[in-house]
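*Asks:* Okay, handing you the structure first.
The values are calculated or read from the model by the stated rules, or taken from the named source; none is laboratory data. Everything numeric here is computed off the predicted structure, so don't read it as measured data. Reconstructed Cβ throughout: ideal geometry from the backbone, glycine too, with neighbour counts over all protein chains shown. Just so you know, the surface numbers come from the protein's heavy atoms only, side chains and all, with ligands and any DNA or RNA stripped out. Shrake-Rupley method; radii C 1.70, N 1.55, O 1.52, S 1.80 Å.
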Amino acid sequence: MDVCYHLAACCYGGDDMDQERIFALHEFINGEAQNWFHHHVLHTNRDKQDWTFKEVLIGLYNCFVNAATMQEAREAFQTAVYDAQMGIQTFYEELIGHAQNMAVYPDEFTIWETFLDGIPAEMHHTLICDDNLSPEVNTVTKFLA
């Protein structure tokens, strides 16, 4: 948010201030993002000569934020666990929420497998053995009922 305040304080709004916004952005990034910025946006031998501020932000997002977010979503999906206070429906919805944020949406079998691995063993046994439910035959509605 600091960058937004800085751009506003410097009166860098409007279409004619795009280059100023790009140069000001340099002050707010570091590490690999700064290396990317130098290589792709500032370097004299860059592939793309004319960048808009929007294109720079999208480039940074796609290269760093998006990749990190997708990785976090995959890890959150794989490590999600059932919480008795939240219930089985909430656990399933949490898995789906993480799946929707993943770079590659998992197939139905992976979702089922993660769901069944994440619930307590006694609940798993009850659903599969006592209630005769099967992910290959039954819908998620039956499992969550």
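*Asks:* Considering only residues that are touching a Leu at 6+ places or on another chain (Cβ under 7 Å) and either β-branched (Val, Ile, Thr) or within 23 Å of THR69 (Cα to Cα) (or both), which ones fall in segment 79-135?
*Replies:* ALA80, ILE88, TYR92, ILE111, THR114, PHE115
*Asks:* Filter segment 20-49 down to residues that are assigned to a helix (DSSP H, G or I) and either open to solvent by 90 Å² or more (accessible area, probe 1.4 Å) or of a type in the set (Val, Ile, Thr) (or both), then give me how many there are. Walk me through how you get there before you give the answer.
*Replies:* Applying the first criterion (assigned to a helix (DSSP H, G or I)) to segment 20-49 yields 20-28, 31-42.
Applying the additional criterion that residues be either open to solvent by 90 Å² or more (accessible area, probe 1.4 Å) or of a type in the set (Val, Ile, Thr) (or both) yields 22-23, 27, 32, 39, 41.
Total satisfying the criteria: 6.
*Asks:* Could you please give the count of residues in segment 92-127 that are in a helix (DSSP H, G or I), touching a residue at least 12 places away in the same chain (Cβ under 8 Å) and among the β-branched types (Val, Ile, Thr)?
*Replies:* Within segment 92-127, residues that are in a helix (DSSP H, G or I), touching a residue at least 12 places away in the same chain (Cβ under 8 Å) and among the β-branched types (Val, Ile, Thr) number 3.
*Asks:* Turning to a different aspect of this structure: Has segment 52-73 got any residue that is acidic (Asp, Glu), over 16 Å from the mean Cα position of the chain (by Cα) and either surrounded by 15 or more Cβ atoms within 10 Å (Cβ to Cβ) or within 30 Å of PHE23 (Cα to Cα) (or both)?
*Replies:* Yes, segment 52-73 contains at least one residue that is acidic (Asp, Glu), over 16 Å from the mean Cα position of the chain (by Cα) and either surrounded by 15 or more Cβ atoms within 10 Å (Cβ to Cβ) or within 30 Å of PHE23 (Cα to Cα) (or both).
*Asks:* Another one. For GLY87, are the conditions met, namely being open to solvent by less than 80 Å² (accessible area, probe 1.4 Å) and closer than 30 Å to THR126 by Cα?
*Replies:* On the way: open to solvent by less than 80 Å² (accessible area, probe 1.4 Å): yes; closer than 30 Å to THR126 by Cα: yes.
So GLY87 passes the test.
*Asks:* Let me ask something additional. Just to be sure before I move on: is TYR82 of a type in the set (Ser, Thr, Tyr), more than 30 Å from GLY13 (Cβ to Cβ), assigned to a loop (DSSP other than H, G, I, E, B) and open to solvent by 60 Å² or more (accessible area, probe 1.4 Å) in the structure I sent? Show your work before the answer.
*Replies:* Details: of a type in the set (Ser, Thr, Tyr): yes; more than 30 Å from GLY13 (Cβ to Cβ): yes; assigned to a loop (DSSP other than H, G, I, E, B): yes; open to solvent by 60 Å² or more (accessible area, probe 1.4 Å): no.
Criteria not met by TYR82.
*Asks:* Let me ask something additional. Under 7 Å between Cβ atoms, which residue pairs at least 6 apart in sequence (or on different chains) link something in segment 55-84 that is within 30 Å of ILE119 (Cα to Cα) with a partner that is β-branched (Val, Ile, Thr) and not in a helix (DSSP H, G or I)?
*Replies:* Partner pairs satisfying both residue conditions: TYR82/ILE119.
*Asks:* Restricting the search to segment 104-129, which residues are open to solvent by 80 Å² or more (accessible area, probe 1.4 Å), of a type outside the set (Ser, Thr, Tyr) and closer than 14 Å to GLU75 by Cα?
*Replies:* Result: VAL104, single match.
*Asks:* Output the residue which, of all residues in segment 1-19 that are surrounded by 12 or more Cβ atoms within 10 Å (Cβ to Cβ) and out of contact with any Ser or Thr (no Cβ under 7 Å at 6 or more places or on another chain), is nearest to VAL65 (Cα to Cα).
*Replies:* My answer is VAL3.
*Asks:* Can GLU136 be described as in a helix (DSSP H, G or I), free of Cβ contacts under 8 Å to residues at least 40 places away in the same chain and not hydrophobic (A, V, I, L, M, F, W, C)? Working first, answer last.
*Replies:* On the way: in a helix (DSSP H, G or I): no; free of Cβ contacts under 8 Å to residues at least 40 places away in the same chain: yes; not hydrophobic (A, V, I, L, M, F, W, C): yes.
No, not satisfied.
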